[in-house]
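Encoded as structure tokens, the structure appears first; notes follow it.
The values are calculated or read from the model by the stated rules, or taken from the named source; none is laboratory data. No experiment lies behind these values; they were computed from the predicted model shown. Using ideal geometry, Cβ is built from the backbone for each residue, glycine included, and neighbour counts are taken over all protein chains shown. Surface areas here come from the heavy atoms of the whole protein model, side chains and all, with no ligands, DNA or RNA. Shrake-Rupley method; radii C 1.70, N 1.55, O 1.52, S 1.80 Å.
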Amino acid sequence: MKNLLFPHSFQRIGWVVFAISMAIGGYILISEFDSSYTLNNIAIIGIIVGALLVTCSREKVEDEMTQHLRLNSLLVAMYINYAILIICSLFVYDFGFLHVMLYNMFTVLLIFMAVFRYNIWRAKKRADYEE
């Protein structure tokens with residue numbers, strides 16, 4: 001089976017792009033900065049590209065366990081994302097739902113990043129404990 005993951009070095013680049021783009025997006029969101037569409041697009045595209053580079057890059061040790069954790073984390077992220085979307089569709093209306101859909105572009109990637117990193121941390125902790 002062909003592995004479609006990026007090299008591990010792309011992960012560092014992804015974290016930098018992701019952090020800078022999140023900072024720009026957070027600044028726009030918090031300050032209600034009347035930004036141009038260009039700055040909004042830079043933040044959105046940067047968050048997506050950075051998160052994709054982080055989530056779709058190999059780990060230093062990419063074995064069957066890591067692939068298993070990656071797949072399980074993706075499924076958990078998808079379940080959580082769609083549960084949140086269903087709840088929001090029941091309780092959020094009008095332009096508020098437009099904001100929900102805007103944030104929904106990122107939630108699968110962000111939840112996956114959190115769940116996968118947690119599972120990797122837990123697996124390393126378990127391996128250290130067994131030594």
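Could you tell me whether Leu102 is under 24 Å from Trp121 (Cα atoms) and either part of a loop (DSSP other than H, G, I, E, B) or within 18 Å of the chain's Cα centre (by Cα) (or both)? For Leu102, the condition - under 24 Å from Trp121 (Cα atoms) and either part of a loop (DSSP other than H, G, I, E, B) or within 18 Å of the chain's Cα centre (by Cα) (or both) - is not met. The sole residue among Tyr93, Tyr103, Tyr118 that is open to solvent by 70 Å² or more (accessible area, probe 1.4 Å) and either among the aliphatic types (A, V, I, L, M) or farther than 27 Å from Ile20 by Cα (or both) is Tyr93. Filtering the stretch 1-48 to residues that are open to solvent by less than 60 Å² (accessible area, probe 1.4 Å), assigned to a loop (DSSP other than H, G, I, E, B) and under 18 Å from Tyr103 (Cβ atoms) leaves only Ser35. For residues that are basic (Lys, Arg) and outside any helix (DSSP H, G or I), tally how many sit in the stretch 69-98. Within the stretch 69-98, residues that are basic (Lys, Arg) and outside any helix (DSSP H, G or I) number 0.
Restricting Ala83, Ala127 to those that are open to solvent by 30 Å² or more (accessible area, probe 1.4 Å) and modelled with pLDDT under 90 reduces the list to Ala127.
Are any of the residues in the stretch 34-41 under 14 Å from the mean Cα position of the chain (by Cα) and either at pLDDT 90 or above or not polar (S, T, N, Q) (or both)?
In the first step, residues of the stretch 34-41 are kept if they are under 14 Å from the mean Cα position of the chain (by Cα); the result is none.
No - not one qualifying residue is present in the stretch 34-41.
Mind checking which residues of the stretch 51-86 are of a type outside the set (D, E, K, R) and without any contact (Cβ under 8 Å) to a residue 24 or more places away in the chain? Selection gives Val61, Gln67, His68, Leu71, Leu75, Tyr79, Tyr82, Ala83, Ile84, Leu85, Ile86. Checking each residue in the stretch 49-80 for being crowded, with 16+ Cβ neighbours inside 10 Å and farther than 21 Å from Leu4 by Cα picks out only Ile80.
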